[in-house]
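The values are calculated or read from the model by the stated rules, or taken from the named source; none is laboratory data. Because the structure is a prediction, the values reported are computed rather than measured. Cβ sites come from the backbone with ideal geometry, for glycine too, and all protein chains shown count toward neighbours. Note: areas computed on protein heavy atoms with side chains; ligands, DNA, RNA excluded. Shrake-Rupley method; radii C 1.70, N 1.55, O 1.52, S 1.80 Å.
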Amino acid sequence: MEDTLTQQQAGRAILALEDGRVFKGRAAGARTRRGGEVVFNTSLTGYQEVFTDPSYSGQMVCLTYPHIGNVGANLDDEESPKPYIEGLVVREFSALASNWRSTETTQKYLERHGVPVIWDMDTRALVRHLRQVGALRGMVSTDETPAEKLILEAKALPTMAGQELASRVSASAKYEWKDGSIGIASPILTDAVAGADAKRKRRRVVAYDFGIKQNILRLLVDHDCDVTVVPAQTSAEDVLGLKPDGVFLSNGPGDPEPIHYAVSNIRKLVGRVPIFGICLGHQLCGLALGGKTFKLKFGHHGANHPVQNLLTKKVEITSQNHGFCVDPASLPSSEVEITHVNLNDHTNEGMRHRTLPLFSVQYHPEASPGPHDARYLFGQFVEMMNGAR
Amino acid sequence: MPKRTDIKKILIIGSGPIIIGQACEFDYSGTQACKALRSEGYTVVLVNSNPATVMTDPETADRTYIEPLSREYLEAIIAVERPDALLPTVGGQTGLNLAVDLAEAGILDKYGVKLIGASLSAIKIAEDRLLFKDVCRKLGLEVPASEVVTTVPDAVRLADELGYPVVIRPSFTLGGTGGSIAYNREEFADLIARALDASPVHQALIEESVLGWKEYELEVMRDHRDNFVVICTIENFDPMGIHTGDSITVAPAQTLTDKEYQRMRDAAAAIIREVGVETGGSNIQFAVDPATGRMTVIEMNPRVSRSSALASKATGFPIAKIAAKLAVGMTLDEIPNDITKKTPSSFEPTIDYVVAKIPKWQFEKFPGSDTTLSTQMKSVGEVMAIGRTFQEALCKAIRSLEPSSAWRPPAEVTTVLLREKLHVPGPDRLHWLFEALERGMSSEEVCDLTKIDPWFIQQLQEMLEVDRRVAATSLSKCSAELLLESKRSGASDEEIAKLWNVKAASVRARRKELGVQPVFKRVDTCAAEFESFTPYLYSTYEEEDEAAPVDRPKVVILGSGPNRIGQGIEFDYCCCHASFALKEDGFETVMVNCNPETVSTDYDTSDRLYFEPLTLEDVLAILDCEKPQGVIVQFGGQTPLNLALELKKNGAKIIGTAPESIDLAEDRRRFGALLEELKIPTPKNGSAFAPQEAVALANEIGLPVLVRPSYVLGGRAMVIAYDLKTVEEYVTQATLIGGLSDAKRPILIDQFLEDATEVDVDALADGDDVLIAGIMEHIEEAGIHSGDSSCVLPSVTLKPSILEKIREYTVKLAKALNVVGLMNVQYAIQRDTVYVLEVNPRASRTIPYVSKATGVPLAKVAARLMTGRKLRDLHLPYTQTNGIKELVVPNFYAVKSPVFPFNKFRGVDTILGPEMRSTGEVMGISSTFGLAFAKAQLAAGQRLPQQGTVFLSVNDHDKRHVAFVVQDLLAAGLKVVATRGTAAALASAGIEVESVYKVNEGRPNIVDLIKTAKVDLVINTPLGRESFYDEKSIRRAAVRYNIPCITTLSAASAAARGIRAMAGHAVEVAALQDLHARKANASAERS
Ligand SMILES: Nc1ncnc2c1ncn2[C@@H]1O[C@H](COP(=O)(O)OP(=O)(O)O)[C@@H](O)[C@H]1O
Ligand SMILES: Nc1ncnc2c1ncn2[C@@H]1O[C@H](COP(=O)(O)OP(=O)(O)O)[C@@H](O)[C@H]1O
Ligand SMILES: [Mg+2]
Ligand SMILES: [Mg+2]
């Protein structure tokens, strides 16, 4: 296994950005070239969860922690059946996997899935560049393509704004989800107590898949839900036809604006069934309730963002992964109450309907990767479903 | 939540003297706490017995007490100050224990003092291992099985049950003192007996071993609103079984998946809540089975700790400062992040670099001590390094350690030896790891023997692989790419030079030609997601440089590196003061240091902080970048001094005393010549390279002689030879060991002055003017290292004529050496002749102590002199006697006493000598010398008895003077018993005392009496080597049973005076602010 990497090490890799900035490094992963919007994620742990989060489709991820690959890869740490990142940018890429759960090296894993890696470059310089100029399109090449050509290719890539990617990553047909969290990920005693009263009764949840992370599904199952996952474009009628106790709106990639079908479906569902949305799901709720969304300069991607729950004043350390944001000013305050705010840049992180059973958050209470501080929201969803009876 | 308004005045207890397991990290945390609370408008009262701290500067707190950290003194202080609250969590274990004691004794209630930061119950649960384990089990967390035992038979039964190896932990000892691991029953029986002895309550915990598991630490914080954050995760490179304080550690954790890490985080959150630590920082330790991921909780410290200091430096998140603010009711989201300014502290720092910490051990100072690393901490200091990768960080940390000599494997290295060295961890383990891998031992075998994670071993392999490729080229042939790769993997110019056997300078030159240069990156808590406003920097080999040096008058201060015996916190104190003073004078101050425990490496201390190794290569890189007007090498002890000449050669502008003068003072020959010229007496001396030469010289000088290597600090490897055989042995040995003595560095031989009074003098000079800052009289006679002897300011017994001479010589020396800044001179007075022992034209160990005693911040003044200011412009309170200026002496007595780590090194003799072995110091202040001495002794952990029995056994030479001491003791109402000879001597002086057996004279002998607590004070003065042996056991017993033991007659008579002074004397306390004010008035009247 180490040989595969050393072969790769011989090869050079290039990251070329649309603005002409070029980084040279070493190649790993697959021998190819791919493009996308370059974003950085500051989480210290959970690279495999990041690779496999469908919300990253159309994006190349620079992980700011320098040592990636140390713990290898395993099936339990996937958030979907395959990596969605277009490419990986890191400082050091481990030749060796050291963890009792690892089944293959990260190198093998990414190679198998055709993801190119550029490493041994100044990733911090890249991050500072993106922080200053904002997210950029870029190409990662491990196939010796000259930089000039890559810059042109980067310029030619579609911009993230206006891209409808949800339907591209969504499940093609509806299916039932049965798995709960694996042992090591299941909450320790004190967590379990939270919302215990609401447990026992089984609830039927229909989950819209705009690029859903499997940990959301696992947590719904942990909370005694029978989960049916439906494709992004499933009509509100069909969803209601499944007699759900609640509807879940998932995270997903791309710009929420062009997803008109989802917005109109949600409009039809609001008030008829309890709704819980996460990330893209939250943005779609925002649009459905008459609000607007906008693109952040370089987005929020990490596992350490402080979010304040305005109802309890408590701060949650949250997992975040979004480039777009709901503009709270654009929401009808008569109907919508802002429930969560990001303490770093004061952008909106959550809302609920004042009278109807609907709430949603911009960040990722399912974490994976990230702290479990916001898991209570799943209990809250269950309680809302109970209340709605 | 806004800060509490029901509290106005807050008491903070410091951690006392530097000891193993409790070093300057608590000066850092305490100082931060004081600053934080005062910035919120609270009045802060500080108590600490350790004068060598920034926290005890009169400016740091509103009211500062340098008093013994004991219940009676704390109560006295509380009675005068009447604080509303006590913050117990920033003074280490000492501060915490004392706070608990005060609470339980009802003193806090009596004076209505609230505990803030941690409640009594929380402290008790966290500190009591059994209660803590119960809490963990209740939460569904695993802990190693364990039980408390009080008798050996019970213990053995239990151990057999648990199965070997088992872990033994004595109850209520610090830093695991007396703790051990037993691998079999025989060993166990012995170890448990010791452990029970070590425990003040004769109780120990027997615990299931998880030896060889991975060890992790989480540094966490919580506020009143139950907001919880993890500041830093730390993974131990060394497995469970090696104390975290003795382990190489790495931040952040390297080998955890997110699921495992979040499980640990959830556990930490659950624990801190269940234990009930409502606000502040805690340290929680976990062990993980590498094979199955099984996780057990090891312990929790409900306070800031060594690890939290490390975490603060590793992340840029100031835990102690925030903890103090949380303690008064603020919440994390109300406190801005200093570094990003725009974002709040309610977040979890993320880093884009790797931090490595390596401990520093000094077993060489404690011959005969067990060097195996185990569950009891034995290191005296540590270094930290930051790199973009683990390899870079580790290499930088290794070179930060400043080994006194390069490590060399023994002539013959067998596989058996290799295996043993890897299997049984010792201080040189890292060297053995590289050795084994170089010799081709497989990673698997190395992991198996060491239980170090394969990922780390892989990193070492990769480093060696790069080295091999570099070695295959040469200075001229090596490509820029390969050289860069080598630097990126952390190799220093020195190491590369070795591979090519060329000079490091040539490698440096070549690097510059090829454009292979370091850049500087910032520590910003957020991996560059936000802009950072504090220049906290580290070097690395990458594309982009973020140093952005500013262009204004600028001074670089070189720190003192890792704490070690002889070069400790005193030097960090001086560096901080230089920075404070020059900041005030409008300079941009730049600090360079690699010790994570210190105040100097707080990003608040200087305008810019470079967390870098103090080697020529690393310092030059910083100077290239900063281009300062001046570099200060005078304050950091020997570390920066060793660089001074080379730095100057490379164009650095060293300010203050010229490196040449410093060098001259260190060079015995040239310095001897100077003394002759100045007509200042010095002990006859010379130097030799070979045994015969040395013997001849010793003969010529006359016995006894003092034999030592040149260029040492803290009297390393110095012995007093009473016969020629010793001299020969010493030199032979020294040349064998190498390192100690080589062509450049001969063996020095001095006439040893017996029964001489030693005097330390600190002075300030500006090139024109000299000002004597303090004349300190040692209590122990010359022959006992200045760092190990107690001393008093002002002097007590020195005649005016002697003082005259001392002043005169000091001024002469300062002028002759053109000192600009500080100078320290050590004198020995024998039969009214004043000899110079040594001159150090630099900051000395005694600077903080003299500064606290005189109220004049000497280091600050010195820094100003170095930048060209003059003494006459600084308006210092001095008196003038025939042309010589001296700072106004205190109108009280300030006694400094050392503190020794003997309890950590069983079997080591406690007798003092010219080899410095103390780790820390305390100060006692009083209007009488006796009381000041008694207070200092108490602060140092030696409680002089008020009644009971004193055991006396002195050498023939002391027998002449012993009568006076005994009269004092009897007058104070103590019973005196003595060994036969001493008793006889007393009898002939007309004093009858009961005589007792020596160890070899029959039973019950003196050791039996000590063991059965029939003795309350031991006075035992040996002379000459033979007597050392049969008396060792007495002194060892004294240490083991914690009975004050005095080994010199001079100290004995001081003690006697102390005991008399204490008799029927109320506990007296005074704040520095008042003492200094009083003194100022006094001097005003005088002039
Ligand atoms: N059950 C155990 N088995 C093996 N090693 C242990 C065990 N418990 C503790 N240790 C080792 O002993 C060291 C000191 O133990 P700890 O509980 O942290 O006491 P301290 O208060 O001295 O830090 C730990 O760092 C760890 O390496
Ligand atoms: N010639 C001497 N006669 C008696 N004692 C001496 C003599 N030289 C040194 N000493 C003792 O040894 C101690 C250490 O010597 P010193 O020269 O100060 O070494 P260091 O550089 O380690 O401070 C001194 O503090 C003093 O007590
Ligand atoms: Mg510990
Ligand atoms: Mg000295």
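Quick look at the values:
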| item | result |
| --- | --- |
| Neighbours by Cβ (under 8 Å, 6+ apart or cross-chain): first from segment B:777-793, open to solvent by 10 Å² or more (accessible area, probe 1.4 Å); second within 16 Å of ligand 3 (Cβ to nearest atom) and part of a loop (DSSP other than H, G, I, E, B) | none |
| Helices (runs of 4 or more DSSP H) wholly inside segment B:297-410 that include at least 3 residues being farther than 28 Å from A:Asn344 by Cβ | B:390-400 |
| Strands (runs of 3 or more DSSP E) contained in segment B:941-1006 and holding at least 1 residues over 30 Å from B:Pro901 (Cα atoms) | B:994-996 |
| Single residue of segment A:35-67 satisfying the filter (more than 12 Å from chain B (Cβ to nearest Cβ) and in contact with a Cys (Cβ under 7 Å, 6 or more places away or on another chain)) that is farthest from A:Gln163 (Cα to Cα) | A:Val38 |
| Subset of segment B:635-679 [assigned to a loop (DSSP other than H, G, I, E, B), modelled with pLDDT of 95 or more and open to solvent by 10 Å² or more (accessible area, probe 1.4 Å)] | B:Asn650, B:Gly651, B:Ala652, B:Lys653, B:Ile655, B:Gly656, B:Ala658, B:Lys679 |
| Those residues of segment A:31-42 which are open to solvent by 10 Å² or more (accessible area, probe 1.4 Å) and either part of a loop (DSSP other than H, G, I, E, B) or under 18 Å from B:Thr389 (Cα atoms) (or both), in sequence order | A:Arg31, A:Thr32 |
| Residue ID - nearest to the other protein chains (Cβ to nearest Cβ), chosen from residues in segment B:496-534 that are at pLDDT below 95 and crowded, with 18+ Cβ neighbours inside 10 Å | B:Ser532 |
| Residue list for segment B:989-1017, restricted to those being open to solvent by 60 Å² or more (accessible area, probe 1.4 Å), closer than 16 Å to B:Ala1038 by Cα and in contact (Cβ under 8 Å) with a residue 24 or more places away in the chain | B:Lys1011, B:Ala1013, B:Lys1014 |
| Cβ-Cβ under 8 Å pairs, at least 6 apart or on other chains, segment A:18-43 side more than 30 Å from B:Phe347 (Cα to Cα), far side among the hydroxyl-bearing types (Ser, Thr, Tyr) and open to solvent by 10 Å² or more (accessible area, probe 1.4 Å) | A:Arg33/A:Thr145 |
| Residue check, B:Phe900 over 28 Å from B:Thr810 (Cα atoms) and of a type in the set (Phe, Trp, Tyr) | yes |
| Residue in segment B:230-237 that is open to solvent by 20 Å² or more (accessible area, probe 1.4 Å) and touching a residue at least 40 places away in the same chain (Cβ under 8 Å) present | no |
| Candidates B:Val304, B:Val297 - the one that is surrounded by 23 or more Cβ atoms within 10 Å (Cβ to Cβ), within 16 Å of ligand 1 (Cβ to nearest atom), in contact (Cβ under 8 Å) with a residue 24 or more places away in the chain and within 13 Å of chain A (Cβ to nearest Cβ) | B:Val297 |
| Looking only at segment B:810-834, and only at residues there that are part of a strand (DSSP E or B) and surrounded by fewer than 22 Cβ atoms within 10 Å (Cβ to Cβ), the one that is nearest to ligand 3 (Cβ to nearest atom) | B:Gln826 |
| Identity of the residue in segment B:132-175, open to solvent by less than 30 Å² (accessible area, probe 1.4 Å) and of a type in the set (Gly, Ala, Ser), that ends up farthest from the other protein chains (Cβ to nearest Cβ) | B:Ala155 |
| Residues satisfying the stated conditions in segment B:976-988, i.e. over 15 Å from B:Ala1055 (Cβ atoms) and either among the hydrophobic types (A, V, I, L, M, F, W, C) or surrounded by 16 or more Cβ atoms within 10 Å (Cβ to Cβ) (or both) | B:Val977, B:Ala978, B:Thr979, B:Thr982, B:Ala983, B:Ala984, B:Ala985, B:Leu986, B:Ala987 |
| Candidates A:Leu88, A:Leu110, filtered to the one that is assigned to a strand (DSSP E or B), more than 14 Å from chain B (Cβ to nearest Cβ) and in contact with a strand residue (DSSP E or B) (Cβ under 9 Å, 6 or more places away or on another chain) | A:Leu88 |
| Residue list for segment B:291-308, filter: more than 12 Å from ligand 3 (Cβ to nearest atom) and out of contact with any Gly (no Cβ under 8 Å at 6 or more places or on another chain) | B:Ala291, B:Thr292, B:Gly293, B:Arg294, B:Met295, B:Thr296 |
| Index of the failed condition, B:Asp258 passing every other in (1) more than 14 Å from ligand 1 (Cβ to nearest atom); (2) within 26 Å of A:Phe93 (Cα to Cα); (3) surrounded by fewer than 24 Cβ atoms within 10 Å (Cβ to Cβ); (4) of a type in the set (Asp, Glu) | (3) |
| Residue under evaluation B:Arg263, criteria (1) in contact with a Cys (Cβ under 6 Å, 6 or more places away or on another chain); (2) open to solvent by 10 Å² or more (accessible area, probe 1.4 Å), criterion not met | (1) |
| Residues (closer than 24 Å to A:His305 by Cα and more than 14 Å from chain A (Cβ to nearest Cβ)) located in segment B:203-244 | B:Glu217 |
| Strands (runs of 3 or more DSSP E) lying entirely in segment A:294-389 (those with 1 or more residues that are more than 14 Å from every other protein chain (Cβ to nearest Cβ) and surrounded by fewer than 19 Cβ atoms within 10 Å (Cβ to Cβ)) | A:315-327, A:336-342, A:348-353 |
| Some residue of segment B:824-837 being more than 16 Å from ligand 2 (Cβ to nearest atom) and touching a residue at least 40 places away in the same chain (Cβ under 8 Å) | no |
| Given (1) of a type in the set (D, E, K, R); (2) touching a residue at least 40 places away in the same chain (Cβ under 8 Å); (3) crowded, with 17+ Cβ neighbours inside 10 Å, number of the condition A:Arg91 does not satisfy | (2) |
| Counted residues, segment B:367-389 - those being of a type outside the set (A, V, I, L, M) and surrounded by 23 or more Cβ atoms within 10 Å (Cβ to Cβ) | 7 |
| Subset of segment B:261-276 that is more than 9 Å from every other protein chain (Cβ to nearest Cβ) and away from ligand 1 (no atom under 16 Å from the Cβ) - its residue that is nearest to B:Pro165 (Cα to Cα) | B:Ile272 |
| Cβ pairs under 8 Å, 6+ apart, first in segment B:79-100 and without any contact (Cβ under 8 Å) to a residue 40 or more places away in the chain, second open to solvent by 20 Å² or more (accessible area, probe 1.4 Å) | B:Ala79/B:Tyr111; B:Val100/B:Leu120; B:Val100/B:Lys124; B:Val100/B:Glu127 |
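Every residue, every condition in (1) among the aromatic types (Phe, Trp, Tyr); (2) open to solvent by 10 Å² or more (accessible area, probe 1.4 Å); (3) more than 26 Å from A:Ile216 (Cβ to Cβ), yes or no:
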site: A:Ala27; (1), (2), (3): no, no, yes
site: A:Glu49; (1), (2), (3): no, no, no
site: A:Tyr56; (1), (2), (3): yes, no, no
site: A:Gln59; (1), (2), (3): no, yes, no
site: A:Gly72; (1), (2), (3): no, no, no
site: A:Asp77; (1), (2), (3): no, no, no
site: A:Gly87; (1), (2), (3): no, no, no
site: A:Val115; (1), (2), (3): no, no, no
